[in-house]
Amino acid sequence: MNQEELFKNIISHSKEYGFIFPSSEIYDGLSAVYDYGQMGAELKKNLRDFWWKSMVQMHQNIVGIDAAIFMHPTTWKASGHVDAFNDPLIDNKDSKKRYRADVLIEDHIAKIQAKADKEVEKASKKFGETFDEKLYRQTNPRVLEYLKKAEEIEARFKLALENNQLDEVRQIIIDLEIVCPISGTKNWTEVRQFNLMFSTQMGSVSEDSGTIYLRPETAQGIFVNFLNVQKTGRMKIPFGIAQTGKAFRNEIVARQFIFRMREFEQMEMQFFIRPGTETEWYNYWKNIRIKWHQAMGFPESKYRFHDHLKLAHYAKAACDIEFDFPFGFKELEGIHSRSDFDLKQHESFSGKKLQYFDPEINESYVPYVIETSIGLDRLFLSVLSQAYKEEQLEDGSTRTVLSLPFALAPIKVAVLPLVNKDGLPEKAEEVVNILKYDYNVSTEAKDAIGKRYRRMDAIGTPFCITIDYDTMENQTVTIRNRDTMQQERVLIHELKTYLARYLSLSTLLEKCI
Ligand code: GAP
């Protein structure tokens, strides 16, 4: 199965098992907007809890807030979003399709880099164990040529973006002979800037003064509350404020399922620090965040750092943690060194001081900020695409299994009476009643037990407890592990202790520090 087929299967699996549905599907859906079903909502909640606890519960100097989606419109002038939250767009005159000009160029660069990687891979197969990849990359003429070409385009593109030269961005597309994937032609329009914010009207005012925006990031809700939290929480620098919540962007190109949506959820943390310590804290948070991802147990090779070519209007340094999605490595999380840009802008637009008196150095200053920002939906997709497996079993049959980290699974335990009679369903109910205080538990009596196991594998349930005739005699059950498919017999009164070892979120949180 190639990656494209795998991605298609993941999308249909998500729908079939109640993870994700197209929004308002009975009206044919709404582009780039999705609903989470009964399984999806649970998995999303567990991912959010994992993030929240790792930030707020595990750090004594980080607190969480929940700011409103609507904010005073001046917020977005101060933050720079009204003037600078743009994507460069370009249209193909033949297909009438619209593209992000930067994405067309970045995809082209990635293709050249992939050619270099392919050369390395071929050589690695040829030379086997004696192969020195580093040396090969530094000396092989063809690899060097590809890498040089990619670097030259990158440098030219970076300069054009820094100088806001949209003509030059178009010229790069022309010079690279990039064609529209639909029409196959190079018949491009000019490149224009397009603001990504959604606006609406507040109250009954119809003039411009009533225009407010749906927040394009949750971060500003934190900045405007910086002093409120610092004073009421008696916070001492360095300290962080975290929040999760919806954000909205009128994306030009919305594709790849829940990867790029127009309504999505962010989990952001702003860490306020003394000016001059930003490099130290930037590196600190890069390290903490990659560890958090790796705590979920997926292969380390699936994650990599990527330094930003084009810095956002607020950033002094920025990188992404990229994940190897079925459509290649793409941004999953951003880590940004935002200096004092935001607080200074809010000081100047509001006329209110947003400073901190640092008793250690006896000085007041506007703190610098390191931000970590991850899209919950993108995280969901990364976890789902890594967990989804179609396995060939020893007996020749196949099963689809979601190998989710146990602590994140939507349903933790299924209690299954072997047959639907002789008091077994009632016994199953008893076991459910013992476990439901700690876990999401499901029970099902219909269909052969093997079929029920498969259904639980497909939604990632870590444990299936089977109630059989022995249970009625000796108060023991079998527990089947989703991944190994091995079964153990356990006494009912020992179930809670048994399960806690595997299902607690602390199994993941312990790996984050
Ligand atoms: N406050 C900084 C900020 O918003 P960003 O890189 O624009 O930075 C942060 O966004 C994260 O939000 C991204 O790494 C991504 O995971 C997620 N994100 C951004 N736009 C998204 C979209 N249209 N759909 C889904 N997730 C998105």
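Some notes on this structure:
- Placing a label point 7 Å from the Cα of Lys158 along the Cα-to-Cβ direction, no residue of region 165-193 has its backbone N under 15 Å from that point.
- Total formal charge among the other residues, if their Cβ is under 12 angstrom from that of Thr75, Lys/Arg +1 and Asp/Glu -1: 0
- Axis angle, to the nearest 10 degrees, between helix 3-16 and the longest C-alpha principal axis of the chain: 60 degrees.
- Charge tally for Thr218 (other residues, Cβ to Cβ under 11 Å; Lys, Arg +1; Asp, Glu -1): -3.
- Entry for the chain at q = 0.06, 0.07 Å⁻¹: log10 I(q)/I(0) = -0.36, -0.49, Debye formula applied to identical alpha-carbon scatterers, no solvent contribution.
- Reduced Cα scattering model of region 1-92, Debye log10 I(q)/I(0), q = 0.20, 0.24 Å⁻¹: -1.06, -1.08
- Separation of region 170-226 from region 248-272 is 13 Å, based on Cα centroids.
- Relative contact order of the chain, pairs being alpha-carbon contacts under 8 Å that are 6 or more residues apart, as %: 14
- Rounded FRET efficiency, nearest 0.05, which uses the C-beta distance separating Ser183 from Lys115 and R0 of 30 Å: 0.75
- Stretched out straight at 0.36 nm per residue, the stretch from Asn283 to Thr200 would grow longer than its current Cα-Cα span by 26.0 nm.
- Label-point separation in nm, Lys77 to Leu135, each point 7 Å along Cα→Cβ: 6.4
- Principal semi-axes of the equivalent ellipsoid, √(5λ) from the alpha carbon gyration tensor of region 351-434, are 53, 23, 10 Å from largest down.
- Using distinct alpha-carbon pairs, which all enter the 1/r mean, Kirkwood radius of region 393-509 in Å: 14.4
- FRET efficiency, 1/(1 + (r/R0)^6) with R0 51 Å, evaluated for Asp422 and Glu300 via beta carbons: 0.55
- For region 95-126 and region 448-479, distance of Cα centres in Å: 47
- Evaluating kT/(6 pi eta Rh) at 37 °C and 0.692 mPa s, with the Kirkwood radius of region 400-465 over Cα pairs in the Stokes-Einstein relation, gives 273 µm² s⁻¹.
- Kirkwood Rh in Å, taken over region 56-214 so that all alpha-carbon pairs contribute: 20.0
- Listed residue pairs exceeding 19 Å between alpha carbons, taken from Lys115/Lys291; Lys8/Lys291; Lys286/Lys511; Lys412/Lys436; Lys93/Lys186: Lys115/Lys291; Lys8/Lys291
- Highest average packing first - 159-167, 393-401, 71-79, 143-151, Cβ atoms within 10 Å: 71-79, 143-151, 159-167, 393-401
FYI, it's all coordinate maths here, none of it is from the lab. What you see is a predicted model; the values in this text were computed from it and never measured. Every residue, glycine as well, gets a Cβ built from its backbone with ideal geometry; the counts of neighbours run over all protein chains shown.
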